[in-house]
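In what follows, a structure is listed as structure tokens, so that the remarks can point back to it.
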Amino acid sequence: MTAAEATGELESARVTRILRDDIILGRRAPGSRLVERDIAAELHVSRLPVREAIRALVNEGVVVARPRTWAVVREFTHRDIKDFAEVREAIETLIFVFAAERHDEAGIARLRAAYERERDAAEASDAEGARIAAAEFHEIAAELAGNEMLGELIGVFITRLRWLFGQHDDLPAMAEEHRVILETLAARDVDTIRTLIPQHLANGQAVAERRLANGYQI
């Protein structure tokens, strides 16, 4: 029995998840080729789930299909960063405002747990762990907002957002920003949230711009 069969996860979904995480966390660099047979051998699967996974990631906007040759990890531009940053600020500010207004104690506990995982990983210099927990912080906030339409909107481009803005380099600073946001949100201080979130997202945009200027170095 494979690991996917043991957990009930479809093989194509598992391959998609692994490749998505590899791209988001910088293990597969922009412009790198996604060769079906190589990935299949690496993950001990047939080529069919790899093909399906690549197709899914093309739809998520982080892989580019090239006819009669290999698919490649998408290379983003400064215009991409600017466009996504504008959309992200509008949607995520609204998400955090709603989360501040509508959260319950259980929701705050989940958000605090994500922050604490991020803080602990940052203190241990665990970049991947800190970045994963930081992404979870934002995902939990979206759930606390309690608005299905916002959830659908963010879901359309969540993978691209995580890739573009999730590979921050100053791990303790990002964790501290999330601590401040957490405490402000818990206090239901909506006015301060409306100021904090754009500032927080602007910091992420600056990191993305630097990464692009430096050839995507993390």
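The values are calculated or read from the model by the stated rules, or taken from the named source; none is laboratory data. As the structure is a prediction and not an experimental result, all values here were calculated from the model. With ideal geometry, Cβ positions are generated from the backbone for all residues, glycine too; neighbour counts draw on all protein chains shown. Note: accessible area is taken over every heavy atom of the protein model, side chains too, but ligands, DNA and RNA are not part of it. Shrake-Rupley method; radii C 1.70, N 1.55, O 1.52, S 1.80 Å.
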Test result for A13, of a type in the set (G, A, S), more than 16 Å from the chain's Cα centre (by Cα), in a helix (DSSP H, G or I) and closer than 23 Å to P198 by Cα: no
Within the range 64-94, considering residues that are loosely packed, with under 15 Cβ neighbours inside 10 Å and polar (S, T, N, Q), the one farthest from I39 (Cα to Cα): T77
Number of positions in the range 182-218 that are at pLDDT 90 or above and either open to solvent by 40 Å² or more (accessible area, probe 1.4 Å) or within 18 Å of the chain's Cα centre (by Cα) (or both): 14
Breaking point among (1) open to solvent by less than 70 Å² (accessible area, probe 1.4 Å); (2) part of a helix (DSSP H, G or I); (3) in contact with a Lys or Arg (Cβ under 8 Å, 6 or more places away or on another chain), for R179: (1)
The range 95-107, residues that are among the aliphatic types (A, V, I, L, M) and crowded, with 17+ Cβ neighbours inside 10 Å: I95, V97, A99, A100
In the range 49-107, residue farthest from R194 (Cα to Cα) [restricted to those that are out of contact with any Leu (no Cβ under 8 Å at 6 or more places or on another chain) and among the basic types (K, R)]: R68
Unique match (being free of Cβ contacts under 8 Å to residues at least 12 places away in the same chain, surrounded by 13 or more Cβ atoms within 10 Å (Cβ to Cβ), under 15 Å from the mean Cα position of the chain (by Cα) and over 24 Å from A173 (Cα atoms)) among G61, G151: G151
Complete set of residues in the range 72-113 that are at pLDDT 90 or above, small (G, A, S) and either farther than 20 Å from V180 by Cβ or in contact with a His (Cβ under 8 Å, 6 or more places away or on another chain) (or both): A90, A106
